[in-house]
Amino acid sequence: MSRGRLVVHGHFYQPSRVDPFSGRVPADPSAAPAHDWTARVSAECYRPNAELGNLRHISWDLGPTLADWLEAGDPVAHRGFVDGDRGVNGLAQPFHHPILPLASAADRRVEIRWGLRDFELRFGRPATGMWLPETAVDLPTLRLLAEAGVRHTILAPWQADDHHVETRRPYRVDLGDGRDIVVALYDADLSASISFEPRATADADRFSMERIEPRLSSGALPDDEPPLVVIATDGELYGHHQPFRELFLQRLVEPRGDDAARTYDVVSLAEALDEPVGHEFRTIRIAERTSWSCHHGVMRWTADCACAADGRWKGPLRAALERLAAGIDVVTTVVVRGLVGSPDPWAARDDYVDVVVGAIDGPTFAARWLGEAARSTADAATLLALMEAQRWRLAMFASDGWYWDDPMRPETASVLRAAARAARLVDGLAGTGLEERLIADLALLTSPGHPVDGAAIYERALDEVGQPSAAGRS
């Protein structure tokens, strides 16, 4: 039997806590002694794993908005990811962590493009793989990944359209038109045991001997194909969700002098998914509109499902933000096409990531799309305001806003502040009443645990960052 291979993947992501009006992260007393929860998670997880060198020996993806915070907020952790990539370990991630099967084609495309661009600028190479937020997937999303040059991703085993699928091998998904993409299916039992059984991760050697080795040796694969086990979890598990588990991870994956005693090799995902010459991976079909964290497809982020005690607020919230997005898009289309040179607003939005990540400044971007003569004109200011509105319009669909049981949480407040920023930019520029309509739509939802509606939740979210209510601005 061929020697087995182990890939450990960490999904590193935190919801953005940046106030879109000030560009700063507000202090959060509940995160004490840290300034806020991003800083606390970094101190408990990202920095220790960086200092231990764990990021050099596992596969991982790093959310772009989190990476941006780390670059200034915890340079040691950020450098750990940059050095830990080693040209193979990192996967890209869609920029704002939206549920892509719920997004429009244009929004899916821009989130993928922005995520790939951030990865290339940050790590100095094009990404070959991309982690899908919540592993939410459908064929159109996979086609857009392939179109963008992405060669592989990771999915849960129940996302294969075969309940008896063998997870110890990679697969290809046929996308039509001669295209395909490689998927690795993570091992559900091993991943769950690391995530939810603290006793299982008390001893890495025992976990290896009692859990990993039996799984790799549980029956030979045809043609002496080397068995592959992929363990995929939230990266924050290693030190934040479970204290000191960064030490478990270190022992599990670090190169050791007694490697001859190991019955398997710890490899990168890229190496594991490198198709042998003359041995094409088998083809599978995916289960459409599924995810790793909702067994009702992608309903957790758009409707009432059993993942939440009462999710009736989720549909009205998504409808309110989708209506706002449509209004912003109409204004963007009409106004941008009326600027000098009639630029394509959606191609410009694709390109605006370079401003967001700091690769170029606003005037340079404006000159790129309107011509050098327009660098400091009113048209340039208009274009930049609309692109900034589009930035926050995209950010308001971050998956965290819908994940939990109640909209009276910081994650939903964050997406509402993004919506407010986008609406106010457009209203101020075009004299529209988008924020007023947004508030009316939000009033249609209610918190299941508090006697307030969505309009009140919106006003509270703004008040928390010192922004006046809509009524106070009129």
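Tabulated values for the structure
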| item | result |
| --- | --- |
| Selected residue (criterion: farthest from P345 (Cα to Cα)) from residues of the range 73-117 that are in a helix (DSSP H, G or I), open to solvent by 10 Å² or more (accessible area, probe 1.4 Å) and among the β-branched types (V, I, T) | V76 |
| Test for V229: is it outside any helix (DSSP H, G or I), open to solvent by 60 Å² or more (accessible area, probe 1.4 Å) and on the phi < 0 side of the Ramachandran plot | no |
| Selection count where residues are in contact with a strand residue (DSSP E or B) (Cβ under 7 Å, 6 or more places away or on another chain) and open to solvent by less than 10 Å² (accessible area, probe 1.4 Å), scope the range 191-209 | 3 |
| Hits in the range 1-40 (condition: part of a helix (DSSP H, G or I) and either acidic (D, E) or within 28 Å of R424 (Cα to Cα) (or both)) | W37, T38 |
| The range 427-443, residues that are surrounded by 15 or more Cβ atoms within 10 Å (Cβ to Cβ), over 20 Å from E388 (Cβ atoms) and without any contact (Cβ under 8 Å) to a residue 60 or more places away in the chain | I439, A443 |
| Check on R312, within 23 Å of P133 (Cα to Cα), assigned to a loop (DSSP other than H, G, I, E, B) and among the basic types (K, R) | yes |
| Filter result for A184 (surrounded by 18 or more Cβ atoms within 10 Å (Cβ to Cβ) and part of a helix (DSSP H, G or I)) | no |
| Selection count, the range 381-408, where residues are open to solvent by 30 Å² or more (accessible area, probe 1.4 Å) and of a type in the set (D, E) | 2 |
| Enumeration of residues in the range 409-420 that are open to solvent by less than 20 Å² (accessible area, probe 1.4 Å) and in contact with a strand residue (DSSP E or B) (Cβ under 8 Å, 6 or more places away or on another chain) | V415, A418 |
| Single residue of A470, A423 found to be of a type in the set (A, V, I, L, M) and open to solvent by 20 Å² or more (accessible area, probe 1.4 Å) | A470 |
| Hits in the range 132-167 - residues which are open to solvent by 10 Å² or more (accessible area, probe 1.4 Å) and in a helix (DSSP H, G or I) | E134, L139, P140, R143, L144, A146, E147, P157, W158 |
| Test: residue in the range 300-310 that is crowded, with 18+ Cβ neighbours inside 10 Å and on the phi > 0 side of the Ramachandran plot | no |
| Check on G178, small (G, A, S), open to solvent by 50 Å² or more (accessible area, probe 1.4 Å), over 16 Å from the mean Cα position of the chain (by Cα) and closer than 20 Å to D274 by Cα | yes |
| Conditions (1) under 24 Å from A232 (Cβ atoms); (2) of a type in the set (G, A, S); (3) at pLDDT below 95: number failed by A309 | (1) |
| Test: residue in the range 444-458 that is hydroxyl-bearing (S, T, Y), part of a helix (DSSP H, G or I) and either open to solvent by 30 Å² or more (accessible area, probe 1.4 Å) or within 16 Å of F21 (Cβ to Cβ) (or both) | yes |
| Neighbours by Cβ (under 7 Å, 6+ apart or cross-chain): first from the range 150-175, within 19 Å of D224 (Cα to Cα) and without any contact (Cβ under 8 Å) to a residue 12 or more places away in the chain; second assigned to a strand (DSSP E or B) and open to solvent by less than 10 Å² (accessible area, probe 1.4 Å) | none |
| Scan of the range 83-108 for residues that are in contact (Cβ under 8 Å) with a residue 40 or more places away in the chain and within 21 Å of W402 (Cβ to Cβ), ordered by number | Q93, F95, H96, H97, P98, I99, L100, P101, L102, A103, A106, D107 |
| Residues that are open to solvent by 30 Å² or more (accessible area, probe 1.4 Å), in contact with a Leu (Cβ under 7 Å, 6 or more places away or on another chain) and assigned to a helix (DSSP H, G or I), drawn from the range 342-380 | W369, D379 |
| Any hit, the range 49-70, residues being open to solvent by 10 Å² or more (accessible area, probe 1.4 Å), farther than 30 Å from S218 by Cα, in a loop (DSSP other than H, G, I, E, B) and not charged (D, E, K, R) | yes |
| Of the criteria (1) surrounded by fewer than 17 Cβ atoms within 10 Å (Cβ to Cβ); (2) in contact (Cβ under 8 Å) with a residue 24 or more places away in the chain, which one V331 fails | (1) |
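The values are calculated or read from the model by the stated rules, or taken from the named source; none is laboratory data. Predicted model only: the values in this text are computed from it and were never measured. Neighbour counts are summed over all protein chains in view; Cβ atoms, including those assigned to glycine, are modelled from backbone coordinates with ideal geometry. Just the protein is used for accessible areas: all its heavy atoms, side chains included, with ligands, DNA and RNA removed. Shrake-Rupley method; radii C 1.70, N 1.55, O 1.52, S 1.80 Å.
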